[in-house]
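Notes follow the structure.
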C-alpha cells in the first residue's frame, strides 16, 4: 500500500468536508455552487486526475479502504467536471468488477451523473430540493425494485420516499430563484443541453 498517497487523498477529502462545514455554518450553502466549495472541488479533482494518470484508480490495494473512499468522495464532488465524473465512473466500475472498491461507490456516482443529466437514477442515492423545502429522492427507474438493486450493491434498503435532509425555510420565490440558477448551472457546466 502507498501510505503517502493514502494520506494525501484522505487530507484532500478532509479539506472538502472542512470547507463544506465552514460554509454550512456561515449559511453560504444552498444558493448555488459556493465559489469556495467549487475551488476545493476543482483543485482536488485536478490532483486526482494526476494520481489516476500515474497509478490508475486508487483502489484498496493501492491506498486502503480509507484512501479509496477519499478518492471516490473527490470524484463524487467534482460536479463541475462532467467528463471527469464519467471517466471516474468507468474506472470505478472496473474496480468493482474485481472487488477492489466497494460497489456502493459505483451506485452513488452513477446516480449523481444520471441526476445531473436529467435521467432517472438506479439506486436512490440522490435527492433534490423541492418547492415545499423538502429534499426528496430524485426520480428512480423501476422503483418497485429499488431495494433489490441497493442490496445487490451492498447498500441498505430505503423507505418509500422519506426526506433525506432537513427542510429549508425558503419561500416559493426563493425556490424558483434557486431552480433557475440550478438549471443555468447544469447547462453552463455541460450536464444538460438546451
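Each reported figure results from applying straightforward, stated rules to the coordinates on display, with no laboratory input. Computed from a predicted structure; not experimentally measured. Counting neighbours? That spans all protein chains shown, and the Cβs are built from the backbone with ideal geometry, glycine included.
Taking all Cα pairs closer than 8 Å and separated by 6 or more residues, the relative contact order of segment 1-84 comes to 44 percent.
Between the Cα long axis of helix 172-189 and the first principal axis of the chain there is an angle of about 40°, rounded to the nearest 10.
Length available on full extension from residue 141 to residue 2: 0.36 nm per residue minus the Cα-Cα distance, which gives 46.1 nm. Cα axis of helix 35-55 to longest principal axis of the chain: angle in degrees, 0 to 90, nearest 10? The angle comes out near 30 degrees. For the chain, adding -39500 (n - 2.57) for each run of n ≥ 4 DSSP H residues and dividing by the number of residues yields -20000 deg cm²/dmol at 222 nm.
If you stretched the chain out fully between residue 46 and residue 183, how much longer would it get, using 0.36 nm times the residue separation minus the C-alpha to C-alpha distance?
46.8 nm is the gain from fully extending residue 46 to residue 183.
Taking the longest Cα principal axis of the chain as reference, the axis of helix 3-25 is set at about 10 degrees. Each peptide among 101-109, 27-35 gets the average number of other Cβ atoms lying within 10 Å of its residues, and from highest to lowest they stand as 101-109, 27-35.
Name the most mobile residue of 63, 40, 128, meaning the one with the largest mean-square fluctuation, in a Gaussian network model of the chain with Cα contacts below 10 Å. Result for the chain, Cα springs under 10 Å: 128 fluctuates most. Rounded to 0.05, the FRET efficiency of the residue 55 and residue 93 pair, given R0 = 22 Å and the Cβ-Cβ distance, is 0.80.
Checking the a/c ratio against 1.5 first, then a/b against b/c, what shape does the Cα gyration tensor give for segment 1-40? Prolate, because a/c is 1.5 or more and a/b exceeds b/c.
Given an 8 Å cut-off on Cα distances and at least 6 residues of separation, report the relative contact order of the chain as a percent. RCO, the chain: 16 percent.
Please list 121-127, 135-141, 146-152 highest first by mean number of surrounding beta-carbon atoms within 10 Å per residue.
Those peptides, ordered most packed to least, come out 121-127, 135-141, 146-152.
Compared with the alpha-carbon gap, the fully stretched path from residue 33 to residue 158 is longer by 42.2 nm at 0.36 nm per residue.
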